[in-house]
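To start, the structure itself, in structure tokens.
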Ligand code: 5GP
Ligand code: ZN
């Protein structure tokens, strides 16, 4: 996707604070953190959102959860816990249309919080 911000970040065309990368995923610090730890995990494949997943994306979608676990471990969040958010679509506040998970941690979080 030529005009996708996160594709450009993955390609290194736009700088980011990378925290993890493997064959299928890239993780970097959110530019406007809403928690002491706020990292985005994105698949290297351009998929617009959870709503756009196709049956052939099932493997990458499953691997994404595992990548999130790895990144949370790297960030030292596993013991205290963390929140994972996938904003999906307009009303949910999705602003970048390349599927991404927000990993939020480093503070007490209330629930429900919507
Ligand atoms: P969304 O609102 O789509 O769920 O999340 C998009 C996130 O991307 C936001 O939290 C926003 O702060 C972050 N973001 C937007 N532009 C950039 C950027 O250029 N670099 C980084 N690191 N994060 C960005
Ligand atoms: Zn993209």
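Radius of gyration (Cα atoms) of segment 12-114, expressed as a multiple of 2.2 N^0.38 Å: 1.05. A crude spin-label estimate for the pair residue 108 and residue 34, with each label 7 Å from Cα along the Cβ direction, gives 2.0 nm.
Stretch residue 70-residue 57 to full length: gain in nm at 0.36 nm per residue minus the Cα-Cα span? Could you put the intermediate results ahead of the total?
Details: separation 13, 0.36 × 13 = 4.68 nm, distance 1.99 nm.
Once the chain is fully extended between residue 70 and residue 57, it gains 2.7 nm.
With Cα atoms defining each centre, segment 73-98 and segment 9-24 are spaced 17 Å apart in the structure. Using Cα atoms only, what is the angle between the long axis of helix 58-74 and the major principal axis of the chain, expressed in degrees (0 to 90) to the nearest 10? Rounded to the nearest ten degrees, it is 40.
Model label sites at residue 17 and residue 84, defined 7 Å from Cα along the beta-carbon direction, differ in position by 2.2 nm. Note on residue 24 and residue 91: their simple-model spin labels are 3.1 nm apart, each label 7 Å out from Cα toward Cβ.
Throughout, read-outs are computed from the coordinates displayed, never taken from laboratory work. The shown structure was predicted, so the numbers you read here are calculated from the model rather than taken from an experiment. Positions of Cβ are backbone-derived with ideal geometry, glycine not excepted, and every protein chain shown enters the neighbour counts.
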